[in-house]
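Everything below concerns the one structure shown next.
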Amino acid sequence: MSCLFCRIIAREIPASIVYEDERIIAFNDINPQASTHVLVVPKRHIATLNDLQEADDALVGELVRRAASIARERGVDAAGYRTLFNTNREAGQTVFHIHLHLIGGRSLGWPPG
Ligand code: 5GP
Ligand code: ZN
């Protein structure tokens, strides 16, 4: 298994896990860009958003709602937070297993670089 996030899901590589259920895992980013930087990840390997199927709609909804729930737990929901997927080279995707970044805890610039 070569995918980094599949290896985290399989507990072959350690991570600071903040949430897990049958379909989703969430863990702290190893290189956080803010005091809250959590990656919300489907357990099933999907390389990029370009690979999503209609049957994945509920799963994507769960990722987004879980991110909002973690934001609430971290107390950044009212002040605000950012949720984003990077897709492919020009967006800077480096891990090809989709992951929703949840970033909060400071004022975030827009547009991103
Ligand atoms: P991408 O650039 O693909 O959107 O985001 C990949 C994210 O994964 C980056 O923010 C990076 O810091 C994080 N990351 C890379 N390797 C590891 C790791 O081994 N453990 C954790 N927890 N995060 C990682
Ligand atoms: Zn994977």
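The values are calculated or read from the model by the stated rules, or taken from the named source; none is laboratory data. Just so we're clear, the structure is a prediction, and the values are computed from it rather than from any experiment. Here the Cβ is made from the backbone with ideal geometry for all residues, glycine too, and neighbour counts use every protein chain on show. Remember, those area values only see protein heavy atoms, side chains included, never the ligands or the DNA or RNA. Shrake-Rupley method; radii C 1.70, N 1.55, O 1.52, S 1.80 Å.
The set of residues in the stretch 76-108 that are part of a loop (DSSP other than H, G, I, E, B) and within 28 Å of M1 (Cα to Cα) comprises F85, N86, T87, G92, Q93, T94, V95, F96, H97, I98, H99. Taking the listed residues A71, A91, the one that is more than 19 Å from I17 (Cβ to Cβ), small (G, A, S), modelled with pLDDT of 95 or more and away from ligand 2 (no atom under 16 Å from the Cβ) is A91, with no other qualifying. Hey, does the stretch 26-44 have a residue that's outside any helix (DSSP H, G or I), more than 14 Å from ligand 1 (Cβ to nearest atom) and of a type in the set (D, E, K, R)? Yes, the stretch 26-44 has at least one match. Within the stretch 100-111, can one find any residue that is within 16 Å of ligand 2 (Cβ to nearest atom), open to solvent by 60 Å² or more (accessible area, probe 1.4 Å) and of a type outside the set (A, V, I, L, M)? No; the residues of the stretch 100-111 include none that is within 16 Å of ligand 2 (Cβ to nearest atom), open to solvent by 60 Å² or more (accessible area, probe 1.4 Å) and of a type outside the set (A, V, I, L, M).
Of the residues making up the stretch 1-52, those that are open to solvent by 80 Å² or more (accessible area, probe 1.4 Å), within 19 Å of A68 (Cα to Cα) and free of Cβ contacts under 8 Å to residues at least 24 places away in the same chain number 1. Residue-level analysis places A15 outside the set of residues that are part of a helix (DSSP H, G or I) and among the aliphatic types (A, V, I, L, M).
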